[in-house]
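What follows is a single structure, written as structure tokens, with notes after it.
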Amino acid sequence: MKMVAGNVWDYNGPLIWPATVPRLTECNYSPHAPWISDFIVDRFLGVTYDLDDRGINWIAGLLGKEEFKCRLVLLLYPACATRKEHLEHMLWWQDSYGGRFEARLLPVNTRPLTVLALLHKNRWVMAVGAAPNLGADGTYPGLLNLFFLPDGILLENWRRWFELLWHASVPLTVESAAIPPLVPAKGSEEAARLWAEYVQACYGLLNEEGKDVQLEEAVVREESRPAMAQSDRVEFSVTAEMGIPRLDPLAEKIDRIFQKGKLVSIDKYSRIPPLEIPIRPEWFGIESFRRVGSVTRRVSYKVSVFRDKEIRIIDNKKKAAQNLLRRFSFSLADGQWLIPVDAIRLFEEELERINSEGIEQVKKIVGDKIEEFIEARKEEIFDDVEDMYREFYPQGSLPQHAKREILKARGERLQKLGGQRLLPQVAYAEVRFSPESDSKWTSPWAQALRLLKDIAEYPRKFVTDPYFARGLRVNGDDLLRAMNVCNDMCVKLWFEHGTKVEERARNELNILQQIIQQEDTDQRAKCAAILALIEGEEPPTFPNS
């Protein structure tokens, strides 16, 4: 899956590489899409074999970034492509890059696989396959590599396996770098002739168009997706015979959108408690709960050390996380939000800014010492409490033990408020689209429709509403790019033509509402129409539109 970003590939979904099956007669085939060599990598660790000049040059380029780190187990077998000069080069890296590169060696007697875990934009991506040399070479018939986001359990199991392999491997030293310069044994001319005749005889069993079976489109566009096998190009589908279902193309697009985000929620247990603390009605000589027949009465009291204006200021900051979340995410259902992975950094930067501003405002009100603040307002609080008490006992006074309990509770509450975090924390979770769950009682398309509606509205409201990003300190262009999970045509035109897109965006907002309001159209069809609108195509018309 290709995204243009300085002529490099950017991972945002599972990828099968190479895109085609080369002809058996071709000894080497350079695919349209690279596997790892042009991938943005912040660090990686793993296992590979046949490392030569191409793989060495790729790692050398990555080591030019100060934050890059690498831990590599290199598998060696007799007459492999790795030579002494390659190992000496890596040995020099170990001595020169302050621990950012380290390799170990594991001699084996068979040709193994390449298994890597690569850190990309704070996400670990796994690359598994038969490609040698970190995937820097071309590919061969029958070679397949998988590129995917592992779940937590798989990544943890792989981590344990790699730890064991690492400690079972030999450190790269001057001695271990002295690999013998072996070369593969050369066969006879007769053997070469026999093999060529065998290959020709095999191809004689196939017709001409069967020599190069296409697994996906040869031309990979920016908005393209790694395609499934195009079974309609051949007369017989072996995958269909074996019962592997072909994913609905629309469901595939939506599932890939889900993969670009995370389910995000506010952790209510991390919230700072309310500024007003409850006090027991019994201190005022009143039962907190009373029932007389069919009538019940509940009485509650709260007290705060802050004045009304101060409460409003602090509460506005405390509630900012929920409001902010809605500016950086898309709605899936009531109370459920999907935040694009690329927007998480901007979201958390805004959280940090608002939290810092809130802490500063609390300090301006409370001062440096909470005890002094409470002491200064103690009499004001007790005067208000006494006024409330005298509503029931005009000649009485609130008991001293009740006053002590109020001060104690108030101090404990202020201690929590005086920490380094005023806003609650957020939690992220993986979420997937499951079209197979469609049944009488479940409909995945309802959730998809709500998500697509929000995704389509976001850039169009951004373009047409001058107050859309009001209150945010992030760069507007950065925000729009981070929230653009569908390569929206409106976003593309905005960056190319600016405000000239406004009229189009307004019209498309109206079209979007018409799509949503169709009563006799199923949700899947509405999803398809919204995606067509996002992609810049003419959305389908409906009978009553």
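Read the figures in this text as sums done on the coordinates, not as results from a lab. Just so you know, these numbers come straight off a predicted model, no measurement behind them. Note that each Cβ is placed from the backbone with ideal geometry, even for glycine, and that neighbours are counted across all protein chains shown.
Give me, ordered by chain and number, the residues 5 or more places off TRP337 or on other chains with an amide H under 5 Å from its own placed amide H.
It is VAL264, LEU332, by chain and number.
Fully extended, how many nm does the chain gain between ARG326 and ARG297 (0.36 nm per residue separation, minus their Cα-Cα distance)?
Here the segment from ARG326 to ARG297 would lengthen by 6.6 nm.
How far, in nm, would the chain grow between SER443 and ASP308 when pulled straight, counting 0.36 nm per residue and subtracting the alpha carbon separation?
In short, 43.9 nm is gained.
Only residues of the stretch 306-327 count here: report those whose backbone N is under 18 Å from the spot 7 Å along Cα→Cβ of GLU357, or say none.
Within reach of a label on GLU357: 310-327.
Pop out the ³J(HN,Hα) list for the stretch 403-408 in order, Karplus 6.51 cos²θ - 1.76 cosθ + 1.60 with θ = phi - 60°, rounded to Hz; leave Gly and Pro as x.
Using θ = phi - 60°, the values come out as 5, 5, 5, 5, 5, 5 Hz.
Modelling each spin label as a point 7 Å along the Cα-to-Cβ direction, I'd like the GLU502/SER96 distance in nm, to one decimal.
It works out to 5.6 nm between the two label points.
Below 14 angstrom from the Cβ of LEU324, what's the summed charge of the other residues (Lys, Arg +1; Asp, Glu -1)?
Residues close to LEU324 contribute a combined charge of +4.
Which ³J(HN,Hα) values in Hz, rounded to whole numbers, follow from the phi angles of the stretch 344-352 under the Karplus curve 6.51 cos²θ - 1.76 cosθ + 1.60, where θ = phi - 60° and Gly and Pro get x?
Each residue of the stretch 344-352 in turn: 4, 4, 5, 4, 6, 5, 5, 4, 5 Hz.
Taking amide hydrogens as modeled 1.01 Å from N in the peptide plane, which residues meet the under 5 Å criterion relative to PHE101, leaving out close sequence neighbours?
Close amide H contacts, sequence-distant or interchain: CYS70.
Can you tell me the mean projection area, over all orientations, of the convex hull of the stretch 263-427's alpha carbons? Units nm², please.
Reported value for the Cα convex hull: 12.8 nm².
For LEU76, which sequence-distant residues (separation of 5 or more, or a different chain) have an amide H within less than 5 Å of its own amide H, given hydrogens modelled in the peptide plane?
Distant-sequence amide H within range of LEU76: LEU106, VAL108.
Return the FRET efficiency for the residue pair PHE148, LYS492: r is the Cβ-Cβ distance, R0 is 30 Å, and the value is rounded to the nearest 0.05.
0.60
Using just the Cα positions, wrap the stretch 434-534 in a convex hull and report its mean projected area in square nanometres, one decimal place.
Orientation-averaged projected area of the Cα hull: 7.5 nm².
May I ask you to evaluate 6.51 cos²θ - 1.76 cosθ + 1.60, the Karplus curve with θ = phi - 60°, for each residue of the stretch 294-311 and list the ³J(HN,Hα) values in order in whole Hz, giving x for glycine and proline?
Using θ = phi - 60°, the values come out as 8, 10, 10, 9, 10, 10, 9, 10, 9, 9, 9, 7, 9, 7, 4, 5, 5, 4 Hz.
Set the Förster distance to 60 Å, then compute FRET efficiency between LEU63 and SER288 from the Cβ-Cβ distance, nearest 0.05.
Calculated transfer efficiency: 0.30.
If each of SER270 and ASN510 carries a label point 7 Å out from its Cα toward its Cβ, how far apart are those two points in nm?
Here the answer is 4.5 nm between the modelled labels.
Points 7 angstrom from Cα along the Cβ direction at VAL183 and TYR393: gap in nanometres?
The answer from the label model is 10.5 nm.
Return the Cα extents of the stretch 53-125 along principal axes one, two and three, sorted largest first, each rounded to a whole Å.
36, 27, 19
If each residue of separation counts as 0.36 nm, what is the full-extension length gain between ARG193 and GLN517 once their alpha-carbon separation is subtracted?
109.6 nm
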